[in-house]
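Visitor: What follows is a single structure, and I will ask about it in a moment.
The values are calculated or read from the model by the stated rules, or taken from the named source; none is laboratory data. Since this is a predicted model, take the numbers as computed values, not measurements. All Cβ positions, glycine included, derive from the backbone under ideal geometry; neighbour counts span all protein chains shown.
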Amino acid sequence: MPGWPDEGRRIVQGPHLKTLLDRAAQGSGRFRSVFNAGAGEGGYSPLLLALPGVELVVESDFGWRTSGPARIDPRQVFFGASLTHVPLPDRSMDLILCTEVLEHVPEHELALDEIARVLAPGGWVLITVPTPPAPPDPNHVREGYRAKELSNMLEERGFEVVSHRFCMHFFFRFLLGNWSRFPWRTRMMIRTLGALDKVFLIGPPMDLMMLARSRGDGIAGQSLARTEAAMERAG
């Protein structure tokens, strides 16, 4: 939304995501089916729609259970659901983008199992999460993830981590901590701080981006079995 921190996030994080998505496209040639998992307000939908060969962009968010965003392209399909229960067939998506979602999900292991289940063999996943030390957020169930921690979680599900990057430094921390107190020119302030953060990498990063590819050796079945077993244990 204009005047919200996500506008600054797109300035800082967007170019990195585009580079990683281009890296995946070089390795695959084209993506027919793409899943935007936890799409929020659809800030990165244009990046996915611009990928080569895209015929379908499926977008979901837990907050869309009653209504979804406006469609900007006929290839988009929307639904509201939790990332722990994704109503998509096994091995049906060629690429999954999951940006700033896992830290909101108590059962994040189940969420990663679902990502592995719906991803086609040889498919790609691009995940972004906060990394400690991250600013406190009452909407998060955990502070974030170290690179090794997230890498291990993906490798346990049969993924090969191809690349990772960090972003968001001092100016973005300042933005998150103070945006609600900015003067009436909020949007200009957010864009300015986003641009400064992209150029001046001051202090530790607070965001991790990780690109991984499915090895495709029975991963969907293994993930489904883990999901069913975990759900049985939960009652």
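Visitor: Looking at the stretch 22-46, which of its residues are of a type outside the set (S, T, Y) and under 20 Å from L88 (Cβ atoms)? Break it down into steps so the answer makes sense when it comes.
Guide: The initial filter retains those residues of the stretch 22-46 that are of a type outside the set (S, T, Y), namely 22-27, 29-32, 34-43, 46.
Selection gives A24, R30, F31, R32, V34, F35, N36, A37, G38, A39, G40, G42.
Visitor: Filter the stretch 165-179 down to residues that are within 19 Å of L20 (Cβ to Cβ) and surrounded by 17 or more Cβ atoms within 10 Å (Cβ to Cβ), then give me how many there are.
Guide: Looking only at that region, the number is 5.
Visitor: Follow-up question, since we're still on this one. What do you reckon, is W179 touching a strand residue (DSSP E or B) at 6+ places or on another chain (Cβ under 6 Å) and at negative phi? It would help to see each step written out before you state the result.
Guide: On the way: touching a strand residue (DSSP E or B) at 6+ places or on another chain (Cβ under 6 Å): no; at negative phi: yes.
The answer is no for W179.
Visitor: Return the total of residues in the stretch 33-46 being part of a helix (DSSP H, G or I) and either in contact with a Gly (Cβ under 7 Å, 6 or more places away or on another chain) or small (G, A, S) (or both). If you could, list the steps in order and put the result at the bottom.
Guide: Within the stretch 33-46, the first condition is being part of a helix (DSSP H, G or I), and the residues that meet it are 45-46.
Right, trim to either in contact with a Gly (Cβ under 7 Å, 6 or more places away or on another chain) or small (G, A, S) (or both) and you get 45.
Number satisfying all stated conditions: 1.
Visitor: Shifting gears a bit: Within the stretch 12-32, track down each residue that is part of a helix (DSSP H, G or I) and of a type in the set (A, V, I, L, M, F, W, C). It would help to see each step written out before you state the result.
Guide: Going through the stretch 12-32, the residues part of a helix (DSSP H, G or I) turn out to be 12-28.
Scanning the stretch 12-32 gives V12, L17, L20, L21, A24, A25.
Visitor: Consider only pairs whose beta carbons are under 6 Å apart and that are at least six residues apart or on different chains; among these, list those whose first residue lies in the stretch 78-90 and is assigned to a strand (DSSP E or B) and whose second residue is among the charged types (D, E, K, R).
Guide: Pairs found: F78/E59.
Visitor: Moving on to the next point. Suppose we filter D73, D94, D61 for residues that are touching a helix residue (DSSP H, G or I) at 6+ places or on another chain (Cβ under 8 Å) and surrounded by 15 or more Cβ atoms within 10 Å (Cβ to Cβ); which single one remains? Give the steps one after another, and end with the answer.
Guide: Values: D73 fails: surrounded by 15 or more Cβ atoms within 10 Å (Cβ to Cβ); D61 fails: touching a helix residue (DSSP H, G or I) at 6+ places or on another chain (Cβ under 8 Å).
Exactly one of D73, D94, D61 is touching a helix residue (DSSP H, G or I) at 6+ places or on another chain (Cβ under 8 Å) and surrounded by 15 or more Cβ atoms within 10 Å (Cβ to Cβ), namely D94.
Visitor: Now for a different question. Residues in the stretch 180-187: is at least one touching a helix residue (DSSP H, G or I) at 6+ places or on another chain (Cβ under 6 Å), surrounded by fewer than 22 Cβ atoms within 10 Å (Cβ to Cβ) and either of a type in the set (S, T, Y) or within 14 Å of R9 (Cβ to Cβ) (or both)?
Guide: Applying the first criterion (touching a helix residue (DSSP H, G or I) at 6+ places or on another chain (Cβ under 6 Å)) to the stretch 180-187 yields 182.
Checking the rest, the ones that are also surrounded by fewer than 22 Cβ atoms within 10 Å (Cβ to Cβ) come to 182.
Restricting the remaining residues to those that are either of a type in the set (S, T, Y) or within 14 Å of R9 (Cβ to Cβ) (or both) gives none.
Looking through the stretch 180-187, none of the residues is touching a helix residue (DSSP H, G or I) at 6+ places or on another chain (Cβ under 6 Å), surrounded by fewer than 22 Cβ atoms within 10 Å (Cβ to Cβ) and either of a type in the set (S, T, Y) or within 14 Å of R9 (Cβ to Cβ) (or both).
Visitor: Check R142 against each of (1) buried (at least 17 other Cβ atoms within 10 Å of the Cβ); (2) free of Cβ contacts under 8 Å to residues at least 60 places away in the same chain; (3) farther than 30 Å from S28 by Cα and name the one condition it does not meet.
Guide: (1)
Visitor: Given the criterion out of contact with any Lys or Arg (no Cβ under 6 Å at 6 or more places or on another chain), modelled with pLDDT under 95 and under 24 Å from E143 (Cβ atoms), identify the matching residue among L97, L83, L110, L17. Show your work before the answer.
Guide: Numbers: L97 fails: modelled with pLDDT under 95; L110 fails: modelled with pLDDT under 95; L17 fails: modelled with pLDDT under 95.
From the options L97, L83, L110, L17, the qualifying one is L83.
Visitor: Another question, then. Quickly run through the stretch 142-196 and pick out the residues that are of a type in the set (A, V, I, L, M, F, W, C), at pLDDT below 90 and outside any helix (DSSP H, G or I).
Guide: Of everything in the stretch 142-196, those that are of a type in the set (A, V, I, L, M, F, W, C), at pLDDT below 90 and outside any helix (DSSP H, G or I) turn out to be F182, W184.
Visitor: Among the residues that make up the stretch 15-28, is at least one of them closer than 30 Å to L193 by Cα, within 13 Å of the chain's Cα centre (by Cα), among the basic types (K, R) and surrounded by 13 or more Cβ atoms within 10 Å (Cβ to Cβ)?
Guide: Of the stretch 15-28, the ones closer than 30 Å to L193 by Cα are 15-24.
Then keep just the ones that are within 13 Å of the chain's Cα centre (by Cα); that gives 16-18, 20-21.
Narrowing further to those that are among the basic types (K, R): 18.
When the remaining residues are screened for being surrounded by 13 or more Cβ atoms within 10 Å (Cβ to Cβ), the result is 18.
Within the stretch 15-28, one or more residues are closer than 30 Å to L193 by Cα, within 13 Å of the chain's Cα centre (by Cα), among the basic types (K, R) and surrounded by 13 or more Cβ atoms within 10 Å (Cβ to Cβ).
Visitor: Additional query: Only residues that are under 17 Å from the mean Cα position of the chain (by Cα) and small (G, A, S): list them for the stretch 135-166, please.
Guide: Across the stretch 135-166, the qualifying residues are G144, A147, S151, S163.
Visitor: State whether the residues of the stretch 200-219 include one that is in a helix (DSSP H, G or I) and within 26 Å of G29 (Cα to Cα).
Guide: In the first step, residues of the stretch 200-219 are kept if they are in a helix (DSSP H, G or I); the result is 219.
Then keep just the ones that are within 26 Å of G29 (Cα to Cα); that gives 219.
Yes, some residue in the stretch 200-219 is in a helix (DSSP H, G or I) and within 26 Å of G29 (Cα to Cα).
Visitor: Here is a further query. Any chance you could count how many residues in the stretch 128-152 are touching a helix residue (DSSP H, G or I) at 6+ places or on another chain (Cβ under 7 Å) and farther than 14 Å from M209 by Cα?
Guide: Going through the stretch 128-152 one residue at a time, the tally reaches 5.
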